[in-house]
Amino acid sequence: MVMYHYVQDGPGMKGLTSDEFRNQLLHLKEEYKIVSMTEALTPGNDERTCVLTFDDGLKDSVTTILPVMKELNVKGTFFVPASIIKQKKILHVQKRHLLLSKIGTEVFVEELNNRLPDALQISADPVFKADYLDDLLTCSLKWMLDFLDFDIIDPILSDVFKKYIGDEEEIFDEIYLSGDDLYLLLNEGMEIGVHGHSHRQLGEMSFKEQEHEMVSAKDILMPFVLDKPLYISYPSGSYNPLTLRLAEYYGYEAGVTILKHGNGSSTNRFELGRYDCNEVYELVK
Ligand SMILES: [Zn+2]
């Protein structure tokens with residue numbers, strides 16, 4: 001299974017261009033049969049399969065990704081944060097990507113620090129050296145954005161976003177898929193799955209909060225899942241044992257993580273592994 005986010009031509013977010021995306025698919029097709037998640041999970045399917053997955057419900061799905069997939073006649077599964085169908089609020093993850101690419105780490109940190117209390121100042125402090133592959137200041141920034149209380153960071157991030165990028169309602173439609181876009185993907189044989197409701201990290205939430213995310217996301221996205229099985233991609237790859245129980249209890253058929261491993265009949269269907277698209281050339285040599 002391979003995970004994609006941004007595929008764009010022209011300046012913008014870090015990601016693949018449509019040519020790079022096309023080349024990756026051609027490369028994968030040499031080794032694997034590219035199929036939907038449902039086909040891959042069908043019992044008795046022992047072909048060497050590869051599933052393409054796309055997180056975050058980005059507009060790229062219909063503007064750049066779909067045309068290439070149609071051209072090469074392959075199907076994929078698109079995981080959508082349910083809130084984007086209901087409200088024009090840009091998710092933290094995209095605010096962070098847009099701000100980092102527009103103003104860079106240092107200005108971003110300065111703007112946040114101007115709005116954060118003393119105890120929460122972001123600095124190049126070794127205490128924040130988490131699993132990130134960045135310099136210390138960026139590690140500290142990412143950790144704060146990932147783990148600081150949602151209620152504290154949300155209004156601050158909105159304020160900085162407004163200052164440098166603009167009104168989030170106005171640019172919302174350029175960034176995310178609409179309900180009509182989801183129907184378009186379905187008409188082309190693609191599958192829609194759940195990527196949480198608010199895109200908050202499930203593994204960091206209480207049982208009740210996780211339950212709310214799972215149930216409300218399912219309610220909103222069911223009209224787009226149709227008669228297909230319901231799948232979930234855990235936002236930021238975050239989950240805990242209760243997430244797995246809740247997913248099964250509420251009728252999800254499988255869940256995908258960001259753990260880098262292949263999947264077989266012995267893999268827990270709620271902990272399916274995915275490789276990042278940057279690793280495609282290591283999968284097929
Ligand atoms: Zn995501």
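Only the coordinates and a few stated rules stand behind these numbers; no lab work does. Because the structure is predicted, anything quoted here is derived from the model rather than measured. Note: ideal-geometry Cβ built from the backbone for every residue, glycine included; neighbour counts use all protein chains shown.
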About its Cα centre, the range 150-267 carries a charge dipole, from +1 on Lys and Arg Cβ atoms and -1 on Asp and Glu Cβ atoms, whose size in debye to the nearest 20 is 660 debye
A correct fewest-to-most ranking of MET214, MET1 by other Cβ atoms within 10 Å would be MET1, MET214
Projected convex hull area of the range 217-285, Cα atoms, direction-averaged, in nm², equals 5.9 nm²
Tilt, helix 207-225 to longest principal axis of the chain (alpha-carbon atoms), in degrees rounded to tens, equals 50 degrees
Loop-resident GluC sites (Glu not before Pro) in the range 1-80 with no more than 13 other Cβ atoms inside 10 Å, DSSP not H/G/I/E/B, are GLU47
Summing +1 per Lys or Arg and -1 per Asp or Glu among the other residues with Cβ less than 13 Å from ASP55's Cβ gives -2
The range 237-275 scanned against label point 7 Å out from LYS33 along Cα→C-beta; backbone N under 18 Å for 263-265
Here, SER158 and GLU282, labelled 7 Å along Cα→Cβ, have an inter-label distance in nm of 4.0 nm
Taking Cα pairs closer than 8 Å and at least 6 residues apart, the relative contact order of the range 1-114 in percent is 27 percent
Links exceeding 29 Å between C-alpha atoms in this model, out of LYS88/LYS218; LYS59/LYS162; LYS86/LYS129; LYS33/LYS59; LYS162/LYS218; LYS102/LYS129, come to LYS86/LYS129; LYS162/LYS218
Taking only C-alpha positions in the chain, Rg and Dmax in angstrom work out to 18.9, 58
extent check for the range 75-135: Cα max minus min per principal axis, descending, whole Å, gives 44, 26, 22
The Cα radius of gyration of the range 1-147, divided by 2.2 N^0.38 Å with N its residue count, comes to 1.30
Non-local residues with an amide H under 5 Å from the amide H of GLY57, with H modelled 1.01 Å from N and Pro and chain starts lacking one, are PHE79
For the range 1-79 the trypsin sites (Lys or Arg not before Pro) that pass both the DSSP coil test and the at-most-12 other-Cβ-within-10 Å test are LYS14, ARG48
Row for the range 167-285, column shape: gyration tensor on C-alpha, a ≥ b ≥ c, rounded if a/c < 1.5 i.e. under 1.5, prolate if a/b over b/c, else oblate; value rounded
So, relative contact order of the chain in percent, Cα under 8 Å, 6 or more apart, is 20 percent
Inter-part gap, Cα centre of the range 8-67 to Cα centre of the range 155-225, in whole angstrom, is 20 Å
Between the residues LEU91, TYR164, VAL62, the Cα farthest towards the positive end of the dipole of the chain, that dipole coming from +1 and -1 charges on the beta-carbon of Lys, Arg, Asp and Glu, is from VAL62
Magnitude of the Cβ-charge dipole (Lys and Arg +1, Asp and Glu -1) of the chain about the Cα centre, nearest 20 debye, reported as 400 debye
Magnitude of the Cβ-charge dipole (Lys and Arg +1, Asp and Glu -1) of the range 31-116 about the Cα centre, nearest 20 debye, reported as 480 debye
